[in-house]
Ligand code: T46
C-alpha cells in the first residue's frame, strides 16, 4: 500500500507499465492525461554517486512538475509550510507531483540512481524560492 501524501499541491502519478517478462518493462506518460499540464521541459539527474548529496531545497512559485525515480531509489522530502513528510522513491512508474509552493529535497540516493522530472514550463530562476524563511513567509500569507 502506498503511503498517503499529506502535503498540499502534491499526490501520486502512477503511469501505465507494460510488463514483458522476457523483454523488460515499458512505462508510458501522456501529457494532459497522466499529468494535468502540457510538458514543456524534461530533465534527468544522473551520477548521484555521492551518498551525502542533497538536491532541491527550494520551492517553485508557479511551476508544476512530476518527479520519478527511474533507476534505484532516493528519499523525497516534501514540506508545504505546515506539513512535512518523506517519501521513499523506488518504483519506476510511480511519480510524485511537485506543485506550486512545495518545498522539496532529494537525498539518500542509491548507487546508480536516476531521477526524471517533467515540468510545465521552461527554466526560470525567478520562479525559484531558495530561501526557506522566505518560503515560510510566502505560504503563510
Ligand atoms: C526541481 C528539482 C526537482 C538550468 O539551467 N535549467 C534547468 O532546466 C534546470 C532544472 C536547472 N538549471 C540550472 C540551475 C542551476 O544553476 O542547473 C543548476 C542546478 O539546478 P538546481 O540546483 O536547481 O538543481 P536541483 O537538482 O536542486 O533541482 C532540480 C530543478 O532545478 C528544480 O526545478 O524542482 O530538480
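Readers should treat all values here as calculations from the given coordinates under stated rules, not as data from a laboratory. All values derive from a computational prediction rather than experimental measurement. Note: ideal-geometry Cβ built from the backbone for every residue, glycine included; neighbour counts use all protein chains shown.
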### Query
At 222 nm, what helix-only mean residue ellipticity would the chain give, in deg cm²/dmol to the nearest 500, using -39500 (n - 2.57) for each DSSP H run of four or more?
-2000 deg cm²/dmol
### Query
What's the FRET efficiency of residue 138 with residue 6 using the Cβ-Cβ distance as r and R₀ = 25 Å, to the nearest 0.05?
0.80
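Going by C-beta contacts inside 10 Å, put 45, 111 in order with the fewest on the left. Don't jump to the answer; show the numbers that get you there.
Numbers: 45 17, 111 10.
Ordered by Cβ neighbours within 10 Å, fewest first: 111, 45.
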### Query
Given 0.36 nm per residue, what is the gain on full extension from residue 17 to residue 84 after removing their alpha carbon distance, in nm?
21.2 nm
### Summary
Note: the stretch 100-141, point scatterers on Cα, Debye, no solvent; log10 I/I(0) at q = 0.14, 0.23 Å⁻¹ equals -0.49, -0.98
### Order of 38, 125, 107, 62 - criterion: other Cβ atoms within 10 Å of each residue's Cβ, fewest first
125, 38, 62, 107
### Task
Mind computing the radius of gyration and Dmax over the alpha-carbon atoms of the stretch 1-49? Å is fine for both.
14.5, 40
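With the alpha-carbon atoms as the only input, what is the per residue convex hull volume for the stretch 10-139 in Å³? Walk me through the numbers before you get to the answer.
Numbers: hull volume 14.3 nm³, N = 130.
Measuring per residue, one finds 110 Å³ for the Cα hull of the stretch 10-139.
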### Query
Any idea how far the Cα center of the stretch 106-141 sits from the one of the stretch 47-104, in Å?
8
